[in-house]
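The values are calculated or read from the model by the stated rules, or taken from the named source; none is laboratory data. As the structure is a computational prediction, the values presented were derived from the model and not from experiment. Reconstructed Cβ throughout: ideal geometry from the backbone, glycine too, with neighbour counts over all protein chains shown. SASA here: full protein model, heavy atoms, side chains in, ligands and nucleic acids out. Shrake-Rupley method; radii C 1.70, N 1.55, O 1.52, S 1.80 Å.
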Amino acid sequence: MAKQLLKLKVNGRDFEVAVEPYHTLAQVLRNELNLTGTKVGCDMGTCGCCTVHIDGKAKLSCLTLALECQGTSVHTIESLNEYQMHPLQKAFAECGGSQCGYCTPGFIMKSAELLAKNPDPTREEIKAALAGNLCRCTGFMKIYDAVEQAASELRQKTSDKPFPVRS
Amino acid sequence: MPIVSGSGQTRNNHQLNKGVWTESGAPAEAPFNVIGKRVPLKDAYRKVTGEGVYADDMKFPGMLHCRILRATTPHAKIISIDTSRAEALPGVRAVVTGRDAENRFGVLPVSQDEVAMARDKVIYNGEPVAAVAADTEEIAAEAIWLIDVKYEPLQEFLKPRDSLKEVAPELQLHEKVEKKHPNTNIHKAVDQEFGDVEAAFKEAGAIVSAEFKFDGISHGFTEPHAVIAHWDADDRLQLYTPQQVPHYTHRALAKVLELPMHQIQVIRTMVGGGFGGKSDPFQHEMIAALLSMRTRRPVKVTMDREETFLTGRGRHPTEGKLAMAFSKDGKLLALDSDVIIDGGAYGSFGVVSAYYNGVLSNGPYRIPAFRYHGKRIYSNRIPSGAMRGHGSVNPRYCTETLVDMAAVELGIDPCELRMRNFLESNTLTPFHKFRITSNGIREGLAEAMKRSDWKNKWGKLPYGHGIGVGCAWYISGSALPIHWNKLPQSTVHLKIDLDGGIAVHSLAADIGQGSDTVLAQCVAEVLGVDMDRIHVKSTTTDTAPIDLGSYSSRVTFMAGNAARAAAEEIRHKLADAAARLTGQRGEYFDFVNEELVCRSKPDVRVGFMEALHEAQADVGALIASGSYQSPPLGSTFKGSNAGLSPSYSFSAFICELKVDLETGFVQPLKVWAAHDCGKALNPLSVEGQIEGSVHMGLGQALTEQLRYRNGQLLNANFLDYKIPTPFDTPEIEVIIVESHDPEGPFGAKECGEGALAPVIPAIGNAIYDAVGVRMFEVPMTPDRILKAIEKKQREGK
């Protein structure tokens with residue numbers, strides 16, 4: 001099988017990449033585009049470390065073939081730290097929601113999707129949204145704290161909309 | 001989170017005010033600058049932005065990719081390995097087999113029983129046999145299937161008891177086995193007896209005993225194993241590896257590759273979780289190094305999740321019979337235990353595990369008569385090793401269950417029975433002479449009882465709803481170094497140049513537990529400066545002084561003390577400079593908020609930078625070295641070194657849960673986790689460690705098990721190896737008990753491991769309270785619980 005040309009937007013920039021048909025989005029992001037913030041923990045959709053946004057929806061990039069993303073707009077953890085740190089990133093650091101840090105980008109991307117849809121989630125709603133993400137370090141408590149802190153900060157900022165939902 | 005003051009020590013003046021400052025009559029309770037504050041991890045911002053660099057994130061020009069061929073059978077002679085077809089595949093640059101590295105290695109000097117790749121025989125399904133370096137990962141993956149290995153099957157040792165039998169030499173998994181049991185597959189046997197155990201059982205008012213069984217479990221860290229080796233143009237090996245213990249890898253590489261240590265630099269990348277699973281020197285590190293030396297190009301190994309499971313080193317599968325004797329009034333009289341732990345294919349930390357499974361039962365209760373027979377065996381299963389709470393967790397479940405059974409038999413509240421038997425602070429255990437300094441377990445248990453409303457719940461909740469308690473203790477760093485030498489266990493170097501930035505050099509590995517942050521706090525506290533000034537350089541063996549690394553819960557205690565000592569040396573120099581500048585010789589200077597303040601004349605003060613530049617006059621950058629070495633401890637009998645630590649943490653947990661009577665499914669409702677960590681240097685991290693320990697303990701208690709069929713691991717993935725999800729994890733209320741250890745840095749003890757063990761018995765005892773059955777098999781899966789309930793109902797009729 002020959003490589004095929006994949007055209008997509010990643011973090012707002014247009015890319016044209018030659019990819020193998022069997023390459024996953026995670027592989028292309030990490031190996032071809034050097035966006036190594038997206039982590040691969042299990043390669044079979046069980047840990048959520050590789051979560052990115054495809055057209056605004058949180059998806060597992062290890063279960064997504066790169067060529068499925070033809071013409072889409074992908075956002076990775078690196079996109080949240082443009083010009084200023086995203087409140088979720090700040091909150092995960094400040095609340096102790098990140099220990100070893102390997103699952104953190106996935107948790108943050110999944111949480112960002114949640115807060116875009118639901119700016120004021122209950123703890124149960126946060127649990128439900130994050131149920132597919134695995135953290136082995138924190139026992140989740142400090143992750144919930146972080147999402148709640150970020151949600152509250154984002155709600156206060158909605159008037160000037162510094163963090164629009166990107167698609 | 002509540003912080004409870006524990007009994008024990010008042011903070012010692014000399015800790016903060018050593019040397020000239022002790023003469024100044026400094027107050028005992030200096031208000032702390034950064035100690036005790038909720039400080040985010042130094043590297044947290046790199047982690048949340050994705051900027052943090054883990055091994056698999058690194059790329060080098062010309063880098064090759066490696067795949068490892070693994071054994072497909074648990075025990076077999078290797079008749080032949082034909083690599084010619086793999087070597088002929090375009091893009092393959094090198095193929096190596098066990099013949100390319102003859103020297104054995106292993107984390108313990110007494111168990112040098114690993115080889116880079118299997119040579120004459122394979123001893124577990126998944127053992128590395130050969131490896132390929134190729135231009136791409138795809139080519140490497142294709143090439144390993146072109147390697148032809150012919151095996152001749154040998155008798156397999158898959159049940160621990162089979163390994164106790166005498167066998168012919170060719171059926172011994174390793175040449176060196178326990179001297180007391182030659183011709184077997186017993187790796188290490190420990191037999192200890194102290195006090196009159198027989199008499200204690202004869203005069204006992206209550207005797208409780210049971211047979212227990214534990215499945216093996218895995219660390220389940222989220223970052224799969226990965227390593228990059230680069231034999232560079234200067235003929236030096238650069239090894240980038242997520243290691244908990246770069247120093248032991250450094251030693252093992254030197255041995256296997258037959259290079260002087262200084263020709264190797266080990267560079268720790270960010271570590272995506274360890275929990276003991278990244279503390280052995282590993283075969284894949286040797287393989288990457290061999291391939292890089294062969295090709296003179298950087299070689300990367302990145303394992304998939306299945307290979308990461310197969311690399312193993314998780315908690316030992318354990319079975320054993322334990323008995324305890326109590327007097328009528330609830331005094332613990334004796335503990336008698338006999339256990340077999342399944343070490344799997346290699347020695348790893350196993351000699352230590354064999355001791356720990358017995359000796360770490362000598363707390364948190366005073367045990368006046370003690371007998372332990374422990375055997376660690378070799379088997380054809382994946383290697384066991386050190387995992388969070390190393391060696392203490394499974395026996396802790398047994399003893400805590402037995403204490404609970406005794407409470408029922410004696411008609412005493414389980415918490416009360418525990419209170420009657422706790423070790424005191426400032427005491428030695430009777431036989432092993434473990435030095436108990438501060439001990440806040442009574443305050444912890446009392447607080448957990450109060451917060452959980454224990455008195456109104458235990459024995460009073462409706463059927464299917466229960467509450468249980470579990471207590472534990474753990475070492476704050478092993479007092480004995482693995483390699484016997486005269487070096488300190490931790491050394492920390494400081495360098496402060498003109499810019500005022502403070503570089504802290506240490507080889508203590510930050511594996512997410514926050515050790516860099518704690519070292520920075522220790523330095524910032526002594527020098528009274530902002531955390532932003534401190535830059536911890538803890539990754540490279542060329543620049544960092546040796547530290548024995550992140551295992552046995554030793555870093556905060558030992559490296560923290562070393563960092564403090566180094567900072568105090570700098571503090572002397574700065575105080576002298578301030579005295580020179582102000583003419584206030586012989587006066588005490590407080591170091592607060594980046595200023596040096598004369599204590600008797602508070603309006604006489606010097607800025608930190610001003611004092612620094614004065615101190616640097618004629619000498620340039622200030623440098624200092626601090627170190628920590630455990631004091632002589634313990635007894636003199638053979639094996640008495642195991643379990644020694646300068647200090648011990650204590651914990652008391654209570655868990656409330658519900659059991660679904662139809663499905664046997666356990667839903668924990670809440671865990672109250674009281675842990676005595678001495679002074680909590682960073683409460684944010686302490687809570688994180690305790691919450692994480694509870695979560696991990698919960699997994700072992702209810703869902704996690706390594707399952708095998710015919711020696712093959714069946715569930716080497718996160719779908720079938722079930723780690724608790726957010727829905728399985730109850731609310732955790734952390735109760736930090738601060739007991740102020742006299743020797744720990746600023747009074748600190750450990751908190752990263754000890755908090756795991758008590759969760760499991762708290763759950764088991766709560767299940768008993770809920771449905772009246774004792775669980776003797778862990779994990780307590782729904783089918784096991786239902787079976788126990790059914791058995792009880794049958795027997796009831």
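Yes or no: A:G45 open to solvent by less than 40 Å² (accessible area, probe 1.4 Å), in contact with a helix residue (DSSP H, G or I) (Cβ under 8 Å, 6 or more places away or on another chain) and within 14 Å of another protein chain (Cβ to nearest Cβ)? If you could, list the steps in order and put the result at the bottom.
On the way: open to solvent by less than 40 Å² (accessible area, probe 1.4 Å): yes; in contact with a helix residue (DSSP H, G or I) (Cβ under 8 Å, 6 or more places away or on another chain): no; within 14 Å of another protein chain (Cβ to nearest Cβ): yes.
For A:G45, the condition - open to solvent by less than 40 Å² (accessible area, probe 1.4 Å), in contact with a helix residue (DSSP H, G or I) (Cβ under 8 Å, 6 or more places away or on another chain) and within 14 Å of another protein chain (Cβ to nearest Cβ) - is not met.
In segment A:104-132, how many are open to solvent by 10 Å² or more (accessible area, probe 1.4 Å) and either farther than 21 Å from A:C50 by Cβ or of a type outside the set (A, V, I, L, M) (or both)? So that I can check it myself, show each step before the final result.
Narrowing segment A:104-132 to residues open to solvent by 10 Å² or more (accessible area, probe 1.4 Å): A:110, A:112-125, A:127-129, A:131-132.
Keeping just the survivors that are either farther than 21 Å from A:C50 by Cβ or of a type outside the set (A, V, I, L, M) (or both) gives A:110, A:113, A:117-125, A:127, A:132.
So the count comes out to 13.
Is one or more of the residues making up segment A:75-85 of a type in the set (F, W, Y), open to solvent by less than 60 Å² (accessible area, probe 1.4 Å) and either farther than 25 Å from B:E753 by Cβ or modelled with pLDDT of 95 or more (or both)? Please lay out each step first, then the result.
Step one: filter segment A:75-85 for residues of a type in the set (F, W, Y), giving A:83.
The next check asks that each one be open to solvent by less than 60 Å² (accessible area, probe 1.4 Å); those that pass are none.
No.
So B:R296 passes all but one of these: (1) in the same structural domain as B:T136 (by TED's automatic domain parsing); (2) on the phi < 0 side of the Ramachandran plot; (3) surrounded by fewer than 24 Cβ atoms within 10 Å (Cβ to Cβ). Which condition number does it fail?
Only one criterion in (1) in the same structural domain as B:T136 (by TED's automatic domain parsing); (2) on the phi < 0 side of the Ramachandran plot; (3) surrounded by fewer than 24 Cβ atoms within 10 Å (Cβ to Cβ) is unmet by B:R296, namely (2).
Test B:G276 against the stated conditions and say whether it is buried (at least 21 other Cβ atoms within 10 Å of the Cβ), in contact with a strand residue (DSSP E or B) (Cβ under 7 Å, 6 or more places away or on another chain) and at pLDDT 95 or above.
Working: buried (at least 21 other Cβ atoms within 10 Å of the Cβ): yes; in contact with a strand residue (DSSP E or B) (Cβ under 7 Å, 6 or more places away or on another chain): no; at pLDDT 95 or above: yes.
When the stated conditions are applied, B:G276 does not pass them.
Confirm whether A:L29 is touching a strand residue (DSSP E or B) at 6+ places or on another chain (Cβ under 9 Å) and part of a helix (DSSP H, G or I).
Details: touching a strand residue (DSSP E or B) at 6+ places or on another chain (Cβ under 9 Å): yes; part of a helix (DSSP H, G or I): yes.
Here the answer is yes, as A:L29 does meet what is asked.
Would you check which residues across segment B:788-797 are closer than 23 Å to B:G697 by Cα and outside any helix (DSSP H, G or I) and list them?
Answer for segment B:788-797, where residues must be closer than 23 Å to B:G697 by Cα and outside any helix (DSSP H, G or I): there is none.
Return the residues of segment B:299-310 that are closer than 18 Å to B:E138 by Cβ and either open to solvent by less than 10 Å² (accessible area, probe 1.4 Å) or outside any helix (DSSP H, G or I) (or both); say none if nothing qualifies.
B:V299, B:K300, B:V301, B:T302, B:M303, B:D304
What strands (runs of 3 or more DSSP E) completely inside segment B:48-162 contain at least 2 residues that are closer than 29 Å to A:V28 by Cβ and among the charged types (D, E, K, R)?
Values: elements: B:64-70, B:76-82, B:92-97, B:128-134, B:148-153.
The strands (runs of 3 or more DSSP E) meeting that bar are B:64-70.
Go through the residues of segment A:150-167 one by one and say whether even a single one is surrounded by fewer than 20 Cβ atoms within 10 Å (Cβ to Cβ), at pLDDT 95 or above and within 13 Å of another protein chain (Cβ to nearest Cβ).
no
Within segment B:735-760, take every residue that is of a type in the set (G, A, S) and within 14 Å of another protein chain (Cβ to nearest Cβ) and give me the one that is most open to solvent (accessible area, probe 1.4 Å).
If we filter segment B:735-760 for residues that are of a type in the set (G, A, S), which is where we start, we get B:739, B:744, B:747-748, B:752, B:754-755, B:757.
The next check asks that each one be within 14 Å of another protein chain (Cβ to nearest Cβ); those that pass are B:752, B:755.
Numbers: B:G752: 17, B:A755: 0 Å².
Among residues in segment B:735-760 that are of a type in the set (G, A, S) and within 14 Å of another protein chain (Cβ to nearest Cβ), the one most open to solvent (accessible area, probe 1.4 Å) is B:G752.
Residues in segment B:139-170 that are open to solvent by 70 Å² or more (accessible area, probe 1.4 Å) and farther than 30 Å from B:I341 by Cα: how many?
Total meeting the criteria: 3.
Looking at B:I763, B:I785, B:I732, which is the one that is open to solvent by less than 10 Å² (accessible area, probe 1.4 Å), outside any loop (DSSP other than H, G, I, E, B) and within 14 Å of chain A (Cβ to nearest Cβ)?
Testing whether each residue is open to solvent by less than 10 Å² (accessible area, probe 1.4 Å), outside any loop (DSSP other than H, G, I, E, B) and within 14 Å of chain A (Cβ to nearest Cβ) leaves just B:I732.
Considering only residues that are closer than 20 Å to B:A524 by Cβ, in a helix (DSSP H, G or I) and open to solvent by less than 20 Å² (accessible area, probe 1.4 Å), which ones fall in segment B:568-615?
Across segment B:568-615, the qualifying residues are B:E568, B:I570, B:R571, B:L574, B:A575, B:A577, B:A578, B:F608, B:A611, B:L612, B:A615.
Taking only pairs six or more apart or across chains, which ones have beta-carbon atoms under 6 Å, a first residue in segment B:686-708 that is more than 10 Å from chain A (Cβ to nearest Cβ), and a second residue that is outside any strand (DSSP E or B) and basic (K, R)?
What qualifies is B:T703/B:K722.
With segment B:460-567 as the region, which strands (runs of 3 or more DSSP E) entirely inside it contain at least 1 residues that are closer than 25 Å to B:V694 by Cα and free of Cβ contacts under 8 Å to residues at least 12 places away in the same chain? Let's see the steps before the verdict.
Working: elements: B:465-475, B:490-496, B:502-505, B:534-537.
Result: empty, no element qualifies.
Considering each of B:V53, B:V39 in turn, give the residue that is out of contact with any Leu (no Cβ under 6 Å at 6 or more places or on another chain), modelled with pLDDT of 95 or more, surrounded by 22 or more Cβ atoms within 10 Å (Cβ to Cβ) and within 14 Å of another protein chain (Cβ to nearest Cβ). Explain how you work it out, then say what you get.
Numbers: B:V53 fails: surrounded by 22 or more Cβ atoms within 10 Å (Cβ to Cβ).
The unique qualifying residue is B:V39.
Taking the residues in segment B:354-379 that are among the aliphatic types (A, V, I, L, M) and not in a helix (DSSP H, G or I) as candidates, determine which candidate is surrounded by the fewest Cβ atoms within 10 Å (Cβ to Cβ). Lay out the reasoning, then the answer.
Step one: of segment B:354-379, the residues among the aliphatic types (A, V, I, L, M) are B:354, B:359-360, B:367, B:369, B:377.
Checking the rest, the ones that are also not in a helix (DSSP H, G or I) come to B:360, B:367, B:369, B:377.
Working: B:L360: 27, B:I367: 23, B:A369: 21, B:I377: 29.
The residue in question is B:A369.
So which residues in segment B:380-420 are open to solvent by 10 Å² or more (accessible area, probe 1.4 Å) and over 27 Å from B:S550 (Cβ atoms)?
B:M405, B:V408, B:E409, B:L410, B:G411, B:I412, B:D413, B:E416, B:M419, B:R420
Let me spell it out: the conditions are (1) open to solvent by 20 Å² or more (accessible area, probe 1.4 Å); (2) within 7 Å of another protein chain (Cβ to nearest Cβ); (3) touching an Asp or Glu at 6+ places or on another chain (Cβ under 9 Å); (4) without any contact (Cβ under 8 Å) to a residue 60 or more places away in the chain, and A:C100 meets all of them except one. Which number is the exception?
Unmet for A:C100, out of (1) open to solvent by 20 Å² or more (accessible area, probe 1.4 Å); (2) within 7 Å of another protein chain (Cβ to nearest Cβ); (3) touching an Asp or Glu at 6+ places or on another chain (Cβ under 9 Å); (4) without any contact (Cβ under 8 Å) to a residue 60 or more places away in the chain: (1).
What are the pairs with Cβ atoms under 9 angstrom where one residue, in segment A:103-124, is within 10 Å of A:E148 (Cα to Cα) and more than 13 Å from chain B (Cβ to nearest Cβ) and the other, located anywhere, is assigned to a helix (DSSP H, G or I) and of a type in the set (A, V, I, L, M)? Sequence gap at least six, or different chains.
So the pair list comes out as A:L115/A:L88; A:L115/A:V147; A:L115/A:A150; A:L115/A:A151; A:L115/A:L154; A:P119/A:A151; A:P119/A:L154; A:D120/A:A151.
Specify which of the listed residues (B:T222, B:T184) is under 24 Å from B:D338 (Cβ atoms) and either assigned to a loop (DSSP other than H, G, I, E, B) or free of Cβ contacts under 8 Å to residues at least 12 places away in the same chain (or both). Walk me through how you get there before you give the answer.
Values: B:T222 fails: under 24 Å from B:D338 (Cβ atoms).
It is B:T184.
If you go through segment B:194-250, how many residues are open to solvent by less than 30 Å² (accessible area, probe 1.4 Å), polar (S, T, N, Q) and either within 14 Å of another protein chain (Cβ to nearest Cβ) or under 14 Å from B:L335 (Cα atoms) (or both)?
4
Here's a check for you: in segment A:139-149, which residue that is within 11 Å of chain B (Cβ to nearest Cβ) and charged (D, E, K, R) is farthest from B:T222 (Cα to Cα)?
A:D145
Take the residues of segment A:51-68 that are touching a Lys or Arg at 6+ places or on another chain (Cβ under 9 Å) and either among the hydrophobic types (A, V, I, L, M, F, W, C) or closer than 24 Å to B:T517 by Cα (or both): which is farthest from the other protein chains (Cβ to nearest Cβ)?
A:A58
Output the residues belonging to segment B:625-657 that are farther than 25 Å from B:H740 by Cα, in contact with a strand residue (DSSP E or B) (Cβ under 8 Å, 6 or more places away or on another chain) and open to solvent by less than 10 Å² (accessible area, probe 1.4 Å).
Result: B:C655, B:L657.
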